[in-house]
Amino acid sequence: MATDPSSNMQADLPSDFSIKLYKYFKCVILVGKNVMTKVVQQIYASVPESMNGTVHLKDYLKGELKWKESDMRSVFTKLYIHLLETEVMSTSFEIDITLACRLLPKVFKDVYGKLSNECKKSIDDIKHMRNKLTHAMEPEESIDMKSEICKLQNVYENIYNGVGEAIDYDFSEDSDATKNILTMILGSTQIEDLELYQKNLEEFKKEVSHRLLIEGRKELQDYYSKLRVVNPCTWMLQGDRDIEKDNVSKYYIEKIYTPLKIKSKCRGAECEIDTKNLLTTTKLKRKNRYILPNGLLLNGLAGCGKTSLCRYILHDWRTKGKEIDALEDMNFVFLVEARSVRSKNLKEFLTEQMLPSTLEILKNEKIDLIPMLLDMRVLFLIDGFDEASKDTKNVIKDIFARFNKKSEHRILITTRPEYLEEVGILMEVHNFEYITVKICGFDENGIKSFTDKVFKEALHNKPEKYVKEENWKFFKYLNGRGRILNNQLYLPLTLALLIHLWIHDKEKKRINSVTNCTTLYFELFSLCKDKVMERLIFKEKHVDMKTINGVLLFIGQIAWNMMSKNHVIINSEEKKKIEDECKRKHVEENEIMSAFLECEFDDNQDSKEIRNYSFLHKVQMEYLAAEFLADRVKSGQLEEVKGLKSWHGYYQVIVFLVGHLALSSPMELNRQSDLIFDLVDKAEIRGIDFEFWWKFLVEAGKNPKVAKIIAHDRLPETSWDLVYNETNENLVSGLELLGTIPVKIESIKIEVDNSMDPYDIKDMYKLMKDLRSHLRHRNKQNPLLTELHFWRHYNDGRCSEHSDDFVKTLRPWGHLTNLTGSLGDQEEGNGLLLNFCFNLKTIRVRLCTLKAVKNLHISLKRIYRTVRKLRITLDMSPDSVDPANFPSLTFKGDLEIHIPRVKDDNKEWVVATVKSLSQGRGCDHLELDNSELSYKSVVYLLKKLTNVIIDKLTVGTLFEITMNMRLEVEEMENDTHIHVNWLG
């Protein structure tokens, strides 16, 4: 139990901490009790049935609210049961903050419903500050008294004002008195009423909620301290304790954690979220109203750093760090590690897995844990929803069902992308406001930083010069031969495994054999098997490599059986099977199991019975299961493979299976191709899942037969949509496939939404540029009709990039049919980008200079016959261009002109510009959004552009346009024949 620093306070020489704790206690507990007592008394007196507060609460609850004895006991614990028969309006009636906060919404629902949101929030805040007092008693906790008392003054004032307004009662005298008391306490320099203070403090410490917080937080912090080690492949590092082991350090999360690239949608655009702001990122609920969502849905590929992020959050909470905003406010943080949950419901999980020791200490209190937690600020970290069993999902559903009512309850849940929809539905069913966040692994700086940290820890016993040299050599490898792993390098798990392989692979033969994920794990396990052989030889245990391979295949069989049953923890039965197999093959089971599995044991004991084994992570499990299946497939034993009806959720196993067969030989993969693609069908992989198919092809070693089947039978036959948006990042994978396999599609759409600049999508430009050689057979006689839509280039005036370079990459293979983007200044003449786009039907472009407009005018002279719609955004200052210099845009389709941010002073410029650009044909639609146009200026434009605007004028202005003004404009429509559409 945490030592209470207040117990040793001295009246004559109090410590600075003791004085602060004394002040905080008085301001929150004693003053708070006084405030909440007066508030509850006056609310009760305002209820007609209470007869001005003279009716005992017990009689009121039984008679008016029809409460049973059990209902009352659930709210009034034994410390407060006497209040049921105490005169409510008497001075002996004193109500605790926690009890008051329970009574308000449960007993006085009508009044509580009338309270302002600010008042309700302040009621929640005082409850939290009362719980925070328990935090303050923990060692090394600091209290900023001036800041805290300032908060309390606002909280108490909001409560008085809000309740007073709801019941029509004047609390101004009480409010002023409370402010004076707080000011007096802040100014005190010693503990004047020590005896009374200690008595009150002892009473506070007897309260169940305080004891739950003290004991529960300590128990969780002790547990989380054991989760600091995040070695990516400890199976390589563990051996028997009786022999000399490699001198390898443990990787502590606080030493190697490197900020991840985390993306989310912010105001319609994709933005990066700093880890520090993870719990404070808001969501746009309604126009101009942002809320703090209860849920954070983190998704990302296997190995992208989801679990490491969760461990880092636990570490920061445990150590009372400041690295993540708002985390220190959480009374409890519960880790729900999906693969480790053994419970069937939330109550069982909390009592048996999270707080067993705490509840044993408090067993005489007979507490109802979940209702108590509902009164606290709680964060649930649910890690690995994709690994959740049926029982685990019931626990998770229970969390969502119980902790979805208040803003102080937060849930952070991680999953792989294929389970994203299921988790989203779960949140929506329980009316959870949430943000979807994507974990993208590292960026280039993250790779460098992470590599530096891991080398420093892994080679901690080596000279600094040697560490730096090895680090430099490895980084050189990453930028050279290592680039074959492409996007895999940005995943923390892959990068960590590569570093391990580099350090242990002295001759670098193994690491130079790595071409994909399968070969990476293959070389790691090969290295591990060699180390096992070395240790066995050292112990004079003569076992050949064939035997070790056989045991590893058996472990793979166990992995597959566990996965097919949706189990992720090696239970005693499975452990015994592995031990029996080792004995059958005359291999020391501890040596083998410790080498290939994660082993936990008590260092103070030697008994093998206390050793527990597990797979370090799901990817390791999937690799071993796939290796076992590949062995069965090669030997014609197909029962395990064909016995599973649905392969949904086994995507990574399929990919590793392909990799293992390709490792055997291209001929073996060719021979089993029908079986493999049958599994893909059972996994319900869609043809448009370009990311999966590219990964599949890479693991297959880009096998020609596999490539041909994917191209002709699996991917869309006629048209591809390569889209980059919040939920779909298939674009780069699709371009990889287009440049690798023999597809015969007729058209392709490449679209990047407003959240991202195409130039910022790694490898996109290079891949499009390289298509020229692979698609050289696509020409005028055999065109690939292409749409380009770069919405950031078109919509965002702050984006300085243009789409020109991407349009150039289409020559000669892509025939442009639709273009959305931005055109910059090009050299005049026959080399203009759009001059040869004779299939171009729709053009939406942002133009920033007069030269760009003139170049478009020149191109339209050549391609005008096919263009059906042209929408231009003139993103330029009126002062920079003389309207008389604008050329007319001549073609046969509809012309739309968009001019943003127009002011009253620019109205003449707008008229002259529209007339110049639409000379001889008219403008179908003029849009003036984000403007500062007055009503008079809009009327001016209507009159001056009559017979120029053919159909519609759209106006969005900061000025208020009244209903009368709108009606007057509607009357003008009969004369001008222009329909006016008002934005906002």
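For the range 432-585, the extents of the C-alpha atoms along the principal axes are 55, 49, 28 Å, listed from largest to smallest. Each residue was assigned an accessible area with a 1.4 Å probe, and for Ile81 the value is about 70 Å².
The mean sequence distance of close C-alpha pairs (under 8 Å, at least 6 residues apart), as a share of the length of the chain, puts its relative contact order at 6 percent.
Across the range 32-49, the residues whose backbone nitrogen lies under 19 Å from the label position 7 Å along the beta-carbon direction of Lys62 are 49. Taking label positions 7 Å along the Cα-Cβ direction at both His774 and Asn947, the computed distance is 5.7 nm, reported to one decimal.
Leaving out ligands and nucleic acids, note down the accessible area per residue over the range 475-518 with a 1.4 angstrom probe, in whole Å².
39
Close amide H pairs (under 5 Å, H built 1.01 Å from N) link Ile570 with Phe615, residues at least 5 positions away or on another chain. For the range 299-423, the residue among Ala326, Ile370, Thr307 whose Cα projects farthest onto the positive side of the dipole built from Cβ charges is Ile370.
Extension gain, Asn670 to Lys634: 0.36 nm times the residue separation minus the Cα-Cα distance gives 11.8 nm. For the residues His315, His409, His82, a 1.4 Å probe over the protein chains yields an accessible-area ranking, largest first, of His82, His315, His409.
Computed over neighbours whose Cβ is under 13 Å from that of Asn964, the net charge equals -3, Lys and Arg +1, Asp and Glu -1.
Rounded, prolate or oblate for the range 848-940? Axes are the square roots of the Cα gyration tensor eigenvalues, ordered a ≥ b ≥ c, and the cut-off for rounded is a/c under 1.5. Prolate shape, in that a/c is at least 1.5 and a/b is the bigger ratio. In this calculation the C-beta distance from Asp168 to Glu323 is compared with R0 = 41 Å, giving a FRET efficiency of 0.30.
In terms of accessible area, using a 1.4 Å probe and ignoring ligands and nucleic acids, Met545, Met184 rank largest first as Met184, Met545. Around the Cα centre of the chain, unit charges on the Cβ atoms of Lys, Arg, Asp and Glu (plus for the first two, minus for the last two) sum to a dipole of about 3140 debye. Per residue, the accessible area of the range 325-465 comes to 42 Å², computed with a 1.4 Å probe over protein heavy atoms only.
In units of the rule-of-thumb radius 2.2 N^0.38 Å, the range 140-223 shows an alpha carbon radius of gyration of 1.44. Translational diffusion of the range 364-458 was estimated from the Stokes-Einstein equation, with Rh taken as the Kirkwood radius over Cα pairs; at 25 °C and 0.890 mPa s the coefficient is 154 µm²/s.
Per residue, how much accessible area does the range 655-814 show when a 1.4 Å probe rolls over the protein heavy atoms, in square angstrom?
With the other protein chains kept in place, the range 655-814 gives 44 Å² per residue.
For a straight C-alpha distance cut-off of 22 angstrom, the lysines reachable from Lys114 (same-chain residues fewer than eight places away being disregarded) are Lys38, Lys106, Lys127, Lys405, Lys406. Considering helices alone, the calculated mean residue ellipticity of the chain at 222 nm is -14000 deg cm²/dmol, with DSSP H runs of length four and up weighted by -39500 (n - 2.57) and normalised per residue. Eigen-decomposition of the gyration tensor built on the alpha-carbon atoms of the range 274-365 gives equivalent ellipsoid semi-axes of 28, 17, 16 angstrom, largest listed first. When the Cα gyration tensor is reduced to axis lengths a ≥ b ≥ c, the ratio a/c is 1.5 or higher for the chain, and with a/b not above b/c it is classed as oblate.
Considering just Cα atoms, how many Å³ per residue does the convex hull of the range 79-119 enclose?
Looking at the range 79-119, the number lands at 94 Å³ per residue.
Across every pair of non-identical alpha carbons in the range 620-769, the mean reciprocal distance, once inverted, gives a Kirkwood radius of 16.3 Å.
Using the Cβ of Ser937 as centre and a radius below 12 Å, the other residues enclosed give a net charge of +1, where K and R count +1 and D and E count -1. For the chain, carbon and sulfur atoms together expose 47% of the accessible surface, with a 1.4 angstrom probe and every protein chain in place. Here the simple spin-label model places points 7 Å from the Cα toward Cβ, and for Ser70 and Asp452 these points are separated by 6.2 nm. Estimated at the nearest 10 Å², the accessible area of Glu729 is 50 Å² with a 1.4 Å probe. Annotated for the range 811-938: lysine pairs at least 8 residues apart or interchain, Cα distance under 27 Å, count 29. In the complete set of protein chains, residue-level accessible area for Glu148 is approximately 20 Å², probe 1.4 angstrom. Mean separation of Cα pairs under 8 Å and 6 or more residues apart, divided by the residue count, gives the range 374-483 a relative contact order of 24 percent.
For the range 820-868, what class follows from the C-alpha gyration tensor (a ≥ b ≥ c being the square roots of its eigenvalues): rounded when a/c is under 1.5, otherwise prolate if a/b is larger than b/c, else oblate? Oblate is the answer for the range 820-868, as a/c is 1.5 or above yet b/c matches or exceeds a/b.
Think of the range 660-777 as a dipole: +1 on every Lys or Arg Cβ, -1 on every Asp or Glu Cβ, centred on the Cα centre; then among Ser665, Leu731, Ala700, Ser665 lies furthest on the positive end.
The slack in the chain from Leu227 to Asp825, taken as 0.36 nm per residue of separation less the alpha-carbon distance, amounts to 209.6 nm. Accessible area ranking (1.4 Å probe, heavy atoms, ligands and nucleic acids excluded), largest first, for Met137, Met876, Met89: Met89, Met876, Met137. Which of Lys109/Lys347; Lys695/Lys762; Lys344/Lys682 have a Cα-Cα distance over 20 Å? Where the Cα-Cα span goes over 20 Å, the pairs concerned are Lys109/Lys347; Lys344/Lys682. In this simple spin-label model, placing a label point 7 Å from the Cα along the Cα-to-Cβ direction at both Lys541 and Gln198 gives a separation of 6.1 nm. Simple rule: put +1 on each Lys or Arg Cβ and -1 on each Asp or Glu Cβ in the chain, find the dipole, and look at Ser614, Leu359, Leu819; the Cα lying farthest toward the positive end is Leu819.
The values are calculated or read from the model by the stated rules, or taken from the named source; none is laboratory data. Source: prediction; values computed, not measured. Every residue, glycine as well, gets a Cβ built from its backbone with ideal geometry; the counts of neighbours run over all protein chains shown. Only protein heavy atoms, including side chains, enter the accessible area calculation; ligands, DNA and RNA are left aside. Shrake-Rupley method; radii C 1.70, N 1.55, O 1.52, S 1.80 Å.
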